Structures are given as C-alpha cells and as structure tokens.
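Visitor: Have a look at this one.
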Amino acid sequence: MKKFVAALTLFLACAFSASAQEQKLTADEKAKIEAHKLSETLGLQGKQQEEFIVLLVQKHRATADPQFSVERKSEMARLVDERLRTILTPDQLRKLEGHPHLLGTSPQATPKASR
C-alpha cells in the first residue's frame, strides 16, 4: 500500500509539473503558434509567414514584458496593426476581419481593409 501511495504521489507530481511547463510558452513559441493559425485561415505564403512570425514575436515579447507600460503596449498594438496592413492583401484583411480572435483583438481593433 505504501508503494502504491508513493507511486501515485510521484505520478501526480510529474503530471502537475508537465502541465505547468506546457502553459509557460515563450514569446517565440506563442508567435509561431499564432502565425500557424493565421497562415491556415488567411492562406499566408512564404515571405508573408516569415514576416508574420517576426512581427508576432515582437508583439508577444512586448506584451509579456512587465516593464512595458500600458501606453507602450498600446503603441505596439498600433504598430502591429500598421504592419499588418502592409503584409496582407486586401482579401486577406477581409478574412481577418471575420476572425478577430486570431490576433486576440476585439472587432474594433482589427485592421480594416482598404476599399
């Protein structure tokens, strides 16, 4: 019985440790996951994917940095929005408007396609 309790305790400790590690993704990992989702939805190609990864790494590093003020994070969101407009085609921007959750923004913060 003692061995069973010890084994169960060890198992639970490992399970909780693994779970905690999974939730602590780096900015680079978060950016790559987000870029992959965007790539599937928007049909990003080659250079667009590379540019998105660079852009999203910057975004995630800025939002994860506790030294960044709210104003600085807001400025980063504005810069990401501007850069999105230069990377995406008008058709891709329209698709993104239909999926604002992909960038973790509200519908009002999603870039509007040029008409």
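Visitor: Taking the conditions exactly as written (among the acidic types (Asp, Glu), on the phi < 0 side of the Ramachandran plot and open to solvent by 40 Å² or more (accessible area, probe 1.4 Å)), does Glu34 satisfy them or not?
Guide: Numbers: among the acidic types (Asp, Glu): yes; on the phi < 0 side of the Ramachandran plot: yes; open to solvent by 40 Å² or more (accessible area, probe 1.4 Å): no.
Spelling it out, it is not the case that Glu34 is among the acidic types (Asp, Glu), on the phi < 0 side of the Ramachandran plot and open to solvent by 40 Å² or more (accessible area, probe 1.4 Å).
Visitor: Surrounded by fewer than 13 Cβ atoms within 10 Å (Cβ to Cβ), free of Cβ contacts under 8 Å to residues at least 60 places away in the same chain and either in contact with a Gly (Cβ under 7 Å, 6 or more places away or on another chain) or of a type in the set (Val, Ile, Thr) (or both) - does that describe any residue in segment 68-81?
Guide: Yes, segment 68-81 contains at least one residue that is surrounded by fewer than 13 Cβ atoms within 10 Å (Cβ to Cβ), free of Cβ contacts under 8 Å to residues at least 60 places away in the same chain and either in contact with a Gly (Cβ under 7 Å, 6 or more places away or on another chain) or of a type in the set (Val, Ile, Thr) (or both).
Visitor: Among the residues of segment 38-57, what is the count of those that are open to solvent by 50 Å² or more (accessible area, probe 1.4 Å) and under 16 Å from Leu25 (Cα atoms)?
Guide: Matching residues across segment 38-57 total 1.
The values are calculated or read from the model by the stated rules, or taken from the named source; none is laboratory data. Quick caveat: nothing in here was measured; it's all calculated off a predicted structure. Backbone-built Cβ (ideal geometry, glycine too); neighbour counts: all protein chains shown. Just so you know, the surface numbers come from the protein's heavy atoms only, side chains and all, with ligands and any DNA or RNA stripped out. Shrake-Rupley method; radii C 1.70, N 1.55, O 1.52, S 1.80 Å.
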